[in-house]
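Asks: Input: one structure, supplied below.
The values are calculated or read from the model by the stated rules, or taken from the named source; none is laboratory data. As the structure is a computational prediction, the values presented were derived from the model and not from experiment. Note: areas computed on protein heavy atoms with side chains; ligands, DNA, RNA excluded. Shrake-Rupley method; radii C 1.70, N 1.55, O 1.52, S 1.80 Å.
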Amino acid sequence: MTSLQERLFAMQDNQYAAFQAKLTPGSAYGKIGQTEGRQKAIESYRISPEQKEYLRTLKMK
């Protein structure tokens, strides 16, 4: 696991993701958590601009 992946997993807010999943019918629990984790990483000052651009290119399936 890369350091970027470790930081993304550390930033996950699973309780909020579970709460949000109950409010939005038809959404998968994992997708919300991954999206929030990516957004937090993009906003982080510890992530390089190249890593931020990579995160922006990732799409949910």
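Asks: Among the residues of region 1-12, what is the count of those that are modelled with pLDDT of 85 or more and not in a helix (DSSP H, G or I)?
Replies: Counting residues in region 1-12 that are modelled with pLDDT of 85 or more and not in a helix (DSSP H, G or I) gives 3.
Asks: Out of curiosity, is L55 at pLDDT 85 or above and either at positive phi or open to solvent by less than 40 Å² (accessible area, probe 1.4 Å) (or both)?
Replies: No; evaluated as a whole, the condition is false for this residue.
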